[in-house]
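Computed from the coordinates by the stated procedures, all read-outs in this text should not be read as laboratory data. Not measured: the values here are computed from a predicted model. When we count neighbours, we look across all protein chains shown, and the Cβ atoms used for this are built from the backbone with ideal geometry, even at glycine.
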Amino acid sequence: MGNQDINKLETATLAGGCFWCLDGVFSRLRGVEKVVSGYMGGHIDNPTYKQVCNGDTGHAEVVQIQFDPAQIGFADLLEIFFAVHDPTTLNRQGNDVGPQYRSAVFYHSAEQAVATRAVIDGLAAERAYDQAIVTEVTAATIFWPAEGYHQGYFDANPNQPYCMSVVGPKVRKAMEKFAAQLK
């Protein structure tokens, strides 16, 4: 990919539980050029995984996605995002509990903010969930990449117990539901 093409990429930053799950899903999509696991939304600089897991830095585990909007739109990413996590549980995804696991969209433009709110309003109107959506919609702040061993974690560690019991089933479900959008 040349520099000219890179300028056409857009960024999405999403939080929906453990970043290993989101990385495993979004890295498989056509039009997604790069997925980086990291932290956003907190109040300390350069947080570590251990600090974020303590739940008192204010950061969420996020994936920052570089995507080609000519191949996959932001609304498509949101559709997948809302299908692969539970946006109705505050500071929790399954057994992962704490503010670092909250559901959030950190928007990078006014257009992304409007699109996110429209998707949430649409899901609420169609009663897609039994409870209210609690996804935080807020402007992107400083993105802190996670430690190297977190990058591409599921693909590098498919037999790790958490990956086998939590990440793998989530990735397989997404691959089945969104097969037309896979690389």
What distance in nm lies between label points placed 7 Å from Cα along the C-beta direction at Asp45 and Gln160? 2.9 nm
In a Gaussian network model over the chain where Cα atoms closer than 10 Å are linked, find which of Thr138, Thr57, Thr11 has the largest mean-square fluctuation. Thr138
Asp86 long-range amide H proximity, modeled H, under 5 Å: none
Calculate, axis by axis, the spread of Cα positions in the stretch 103-183 along the three principal axes, and write the results as whole Å, longest axis first. 39, 32, 27
From Cα pairs below 8 angstrom and at least 6 apart in sequence, can you work out the relative contact order of the stretch 81-183, rounded to a whole percent? 25 percent
Note down the relative contact order for the stretch 5-75 as a percent, whole number, built from C-alpha pairs under 8 angstrom at least six residues apart. 46 percent
Hey, can you list the DSSP H helices of the chain whose Cα span along the axis is 20 Å or longer and whose average Kyte-Doolittle score is at least 0.0? 110-125
Any idea how many Lys pairs in the chain come in under 24 angstrom at the alpha carbon, given 8 or more places apart or on separate chains? 8
GluC sites (Glu not before Pro) restricted to the stretch 105-183 and DSSP loop, no more than 15 other C-beta within 10 Å: Glu126, Glu147
Taking the alpha-carbon set of the stretch 139-183, what are its Rg and Dmax in Å? 13.5, 36
For q values of 0.11, 0.14, 0.17 Å⁻¹, compute log₁₀ I(q)/I(0) with the Debye formula on a Cα-only model of the stretch 3-181, without solvent. -0.43, -0.72, -1.10
I'd like the FRET efficiency for Val114 and Asp56, computed as 1/(1 + (r/R0)^6) with the beta carbon distance as r and R0 of 30 Å, rounded to 0.05. 0.40
About the Cα centre, and with charges only on the beta carbon of Lys, Arg (+1) and Asp, Glu (-1), how big is the dipole of the chain? Nearest 20 debye, please. 360 debye
